[in-house]
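The values are calculated or read from the model by the stated rules, or taken from the named source; none is laboratory data. Since we're looking at a predicted model, the values are computed, not measured. Please note: Cβ atoms are built from the backbone with ideal geometry, for glycine as well, and neighbour counts cover all protein chains shown. Note: areas computed on protein heavy atoms with side chains; ligands, DNA, RNA excluded. Shrake-Rupley method; radii C 1.70, N 1.55, O 1.52, S 1.80 Å.
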Amino acid sequence: MKRVLTTCPYCGVGCGFYLDVRDGRIVGVIPSKSNSVSKGNLCVKGWHAHEPVQHPDRLKKPLIKENGKFLEVSWERALDYTAKRLKEIKDKYGPDSLAVCTSARCTNEENFVMMKFARAVLGTNNVDHCARTCHVPTVSGLNQSFGSGASTNSYDELPQMDCILIIGSNPTEAHPIVGWRVRTAIDNGAQVIVCDPRKILLAESARFYIQHYPGSDIALINAMINYIVANNLHDKEFIHARTEGFNELWEMVKDYTPESVKDITGVEPELLKQAAKLYATSKKSCIMYSLGITEHTVGTDNVISMANLAMITGHVGKEFSGVYPMRGQNNVQGSCDMGALPNVYSGYQPVTDEQARKRFETAWAVRLPSKPGLTLTDMMAKAIEGVLKCFYIIGEDQVRTDPNTHMIEKALKSLEFLVIQEIFLSETAKLADVILPGASFAEKDGTFTCAERRFQRVRKAIEPIAGKTDGEIICELSNRLGYQMEPDPKKVCDEMASLTPIYAGVSFERLEENGLQWPVPAKNHPGTPVVHLGKFKRGLGKFIPVRHRPPAEVPDREYPFILSTGRTLFHYNTGTMTRRVTNLLREFPRNFVQINSADAENLGIKRRQKVRVKTRRGELTVEAEVTEKIKKGVLWMPFHFSDEPTNVLTNSAFDPVCKIGEYKACAASISKSNL
Ligand SMILES: Nc1nc2c(c(=O)[nH]1)N[C@H]1C(S)=C(S)[C@@H](COP(=O)(O)OP(=O)(O)OC[C@H]3O[C@@H](n4cnc5c(=O)[nH]c(N)nc54)[C@H](O)[C@@H]3O)O[C@H]1N2
Ligand SMILES: Nc1nc2c(c(=O)[nH]1)N[C@H]1C(S)=C(S)[C@@H](COP(=O)(O)OP(=O)(O)OC[C@H]3O[C@@H](n4cnc5c(=O)[nH]c(N)nc54)[C@H](O)[C@@H]3O)O[C@H]1N2
Ligand code: SF4
Ligand SMILES: [Mo]
């Protein structure tokens, strides 16, 4: 028997475990006690992480669509055909008629290779990935405030905090092992403030639970800042020494008193004041936020208001403080870091920066495009317009996960050529012209970077089930297009480090034990658990005044509810993997909608009754979960169920700065269904 130490392929926490391999098959998962992130713990998804890997539904052969039907073909034929079509489209319409989407489920090395493929081989900066639907406001927001768009502090500090403000984040379900750290903090005496339209599990043990309306976070935070400054609870010394723009912020938040925002937020002023006071006056306070903050048309501004609150109280730029954006996918931090974004190379070096571009051009011996590419959001729009002709997508199921499914299907059907590299036949894969079967985390070497900026090793336990890793597939296509690329993960990691100053000290050898937290600017640098110590990355931290703006769609007579969406503990995103694990499927076999008991009573809706949820974009019949836990006037649904796809309902209105869709608030109606 072989025991292979690796990193969990699901959420951004980054737990470590061993895969037990017997006769070429993985037979079990054993938590790693020495892993500094998980310390011997795993959540239920981690414990079952090997099951989807060997599921009979795995794609094992390349497929080409002919006359509407998929035919199994050899690798040679699939790769030759794909390379030929990519070249034809590039020659006919130019490089910017092609786009690639990388995968936050894949390794850093695969993301680096894919962004290199887009830029150096296809000749376009049209490269993006699911951060666009997730934490891209964190990158655009924190970057403006602090100069760097990642978590400021580390998981290990959490158990010693005095106060944790959790806003729009549900760690016990979405980041369970971080949720466990928060519980440890509570056991150690920390006071928790939860701000969430749903009474999540941690709200039960919170000192203050604020149940505000979805989409009212800026008003809520501005009113907290107002109360803190008006009552002289701000950190004047920190503001003076380390920030700029305080007067502008204060001028603006003067309008946001706890009393004046009550109608917008639905929160009693006294509760808001007490919570603000607790956060401001606790010695070791931090903020933890996630998609309740980012997935809005005001996502970037929401994130900026997190930074404003942290800086006004001096709770950032030191140990036991900070802003924790809980990054979602196992490697979404890494995909961003590797430059799988339309405007930057690895390490957030702008494609418009001539020096950076020259460095990559020299290393890669090609001319690179200098104009930033399209975001995922714009790619879909350009496909519908007929400008984008070809899309090569790795490990992402946009048909189920992008907002407004009908529009996404229309976009993908408008393309001349769609290539999907997947491990399962996802809904998006069904629309492909070619499907290239990729390899799961258990079949490859590489690294993932978790939400505390930690690079960790991923190690191969079994041979790729379909014969090739994702990195190998990309490189074989590249070679066919006349540009030699090397898939060996170790060499790719070295190349990445040599081109990226903030990861210059990263190498496979140095990641053996417990990984490394970036920045790691040199081979002898120990990594950085806390960033912005003494000085922000941008110099002075910047207060940016942001005003409340309502969601793109607000309730009206026809659609009187606010619909929000998100996650449950047992399933992961589209559920392509977790719905193939019997124990997980048993917990939640189908979709549902949460509705407040009083609203349900008014509409005569009973527990588990079938209801019809409708928005301007579509409708869905699901079971009702009648509960006290959700705010009156709000509905909530998960999006894990392919057969009952929640995103036919959601709104694709987007944040103008970073183009994230508004998954967390749209107008909806609900009624009893006679189905
Ligand atoms: N089990 C499981 N874990 C996962 C995932 C999964 O699918 N399943 N997905 C991973 C990914 S990709 C991500 S990005 C993370 C996401 O992790 P989270 O962001 O923590 O998960 P969500 O359930 O999307 O949303 C968090 C909370 O936001 C609240 N919320 C909704 N609207 C608002 C609002 O307007 N304001 C505020 N303040 N709160 C609001 C919701 O009620 C919910 O409790 O989870 C990761 N981990
Ligand atoms: N309504 C609603 N919709 C949402 C959200 C929400 O809160 N509400 N959240 C959004 C967020 S935060 C995110 S991150 C997106 C996630 O959206 P997606 O990234 O589309 O969701 P995943 O289920 O993670 O899908 C990834 C796909 O990758 C495949 N895969 C896994 N590992 C590998 C691999 O190693 N190689 C290859 N080639 N393929 C692999 C899986 O089979 C799966 O089909 O969903 C977004 N959609
Ligand atoms: S908390 Fe996240 S990383 Fe850890 S075992 Fe669960 S899904 Fe995997
Ligand atoms: Mo995400």
Once amide hydrogens are built 1.01 Å from N within the peptide plane, the residues lying 5 or more places from M288 or on another chain with amide H under 5 Å from its amide H are L165, I166, I167, Y324
For region 561-672, convex hull of alpha carbons as volume per residue, Å³: 104
Simple SL model, points at 7 angstrom along Cα→Cβ for R3 and H240; separation in nm is 5.7
Set of region 137-161 residues, backbone N closer than 18 Å to the point 7 Å along the Cα-Cβ line of K535: 145-149
R77 to K33: extension gain in nm, 0.36 nm per residue of separation minus the Cα-Cα distance? 11.3 nm
Between S260 and Q484, what is the spin-label point distance in nm, taking each point 7 Å from the Cα along the Cα→C-beta axis? 6.7
Restricting to Cα pairs under 8 Å and 6 or more apart, the percent relative contact order of the chain works out to 20
Between region 32-73 and region 161-177, what is the C-alpha centre distance in whole Å? 27
With a 1.4 Å probe and all protein chains kept in place, how much accessible area does T257 have, in Å² rounded to the nearest 10? 50
Checking the cross-link filter: which lysines have an alpha carbon closer than 17 Å to that of K358, excluding same-chain neighbours under 8 positions apart? K116, K371
All-pairs alpha carbon distance profile, region 517-616, 5 Å steps from 0, percent: 2, 8, 11, 10, 10, 10, 11, 11, 10, 9, 5, 2, 1, 0
Reachable lysines from K537, criterion Cα separation under 22 angstrom, eight or more residues apart if same chain: K236, K284, K318, K523
In whole Å, how far is the Cα centre of region 543-615 from that of region 198-215? 16
Rounded to the nearest 5, the percent of antiparallel DSSP beta bridges in region 408-501 equals 50
Alpha carbons only, please: Rg and Dmax for region 518-573, in angstrom. 21.5, 63
Say the dipole of the chain comes from +1 at the beta carbon of Lys and Arg and -1 at that of Asp and Glu; which of M326, G527, T582 then lies farthest toward its positive end? T582
Roughly what % antiparallel, to the nearest 5, for the DSSP beta bridges in the chain? 50
Cα principal axis extents for region 136-325, largest first, Å: 40, 35, 31
Would you kindly calculate the translational diffusion coefficient of region 340-420, applying Stokes-Einstein with the Kirkwood radius from alpha carbon pairs, for 37 °C and a viscosity of 0.692 mPa s, and quote it in µm² s⁻¹ without decimals? 230
Distance (nanometres) between label positions extended 7 Å along Cα→Cβ at K430 and Q160: 5.2
When the helices in the chain are scored as -39500 (n - 2.57) per DSSP H run of 4 or longer and the sum is shared across all residues, what 222 nm value do you end up with, to the nearest 500 deg cm²/dmol? -8500 deg cm²/dmol
Calculate, in nm to one decimal, what H406 and R557 gain on full extension: separation in residues at 0.36 nm each, minus their alpha carbon distance. 51.9 nm
Computed accessible area, S74, all protein chains, 1.4 angstrom probe, square angstrom: 60
Report P(r) for region 216-311: all Cα-Cα distances, bin width 10 Å, range 0 to the bin holding the largest distance, values in whole percent. 15, 50, 32, 2
Grab region 546-675 and count how many Lys pairs have their alpha-carbon atoms under 23 Å apart, sequence gap of 8 or more, or different chains. 21
Protein chains only, probe 1.4 Å: how do K490, K389, K664 rank by accessible area, largest first? K490, K389, K664
Whole-Å distance, taken between Cα centres, linking region 77-93 and region 428-487: 20
Highest mean first, how do 114-121, 372-379 rank when packing is the count of other Cβ atoms within 10 Å averaged over residues? 114-121, 372-379
Counting other Cβ atoms within 10 Å, which trypsin sites (Lys or Arg not before Pro) in region 494-589 have at most 11 and lie in a DSSP loop? R557
Sorted by accessible surface (1.4 Å probe, heavy atoms of the protein chains only), largest first, K491, K610, K659 come out as K491, K610, K659
Hull-based mean projected area of the chain, where the convex hull spans the alpha carbons, in square nanometres: 27.8
How much solvent-accessible surface does S414 expose, in Å² to the nearest 10, with a 1.4 Å probe and all protein chains in place? 50
Residue separation between R85 and E512 times 0.36 nm, minus their alpha-carbon distance, gives in nm 149.6 nm
List K631, K413, ordered by accessible area with a 1.4 Å probe, largest first: K413, K631
Based on the alpha-carbon gyration tensor of region 287-348, what equivalent-ellipsoid semi-axes (square roots of 5 times the eigenvalues) come out, in whole Å, largest first? 23, 15, 12
Where a Cα-Cα gap under 14 Å defines reach, which aspartates and glutamates qualify for K84, not counting those fewer than 8 residues away within the same chain? E76, E416, D433, E476
Ranked by how many other beta carbons lie within 10 Å on average, peptides 87-94, 65-72 from highest: 87-94, 65-72
Express the C-alpha Rg of region 399-531 as a ratio against the empirical globular expectation 2.2 N^0.38 Å, rounded to two decimals. 1.28
How charged is the neighbourhood of P269? Take every other residue with its Cβ under 15 Å from the Cβ of P269, and add Lys/Arg as +1 and Asp/Glu as -1. -2
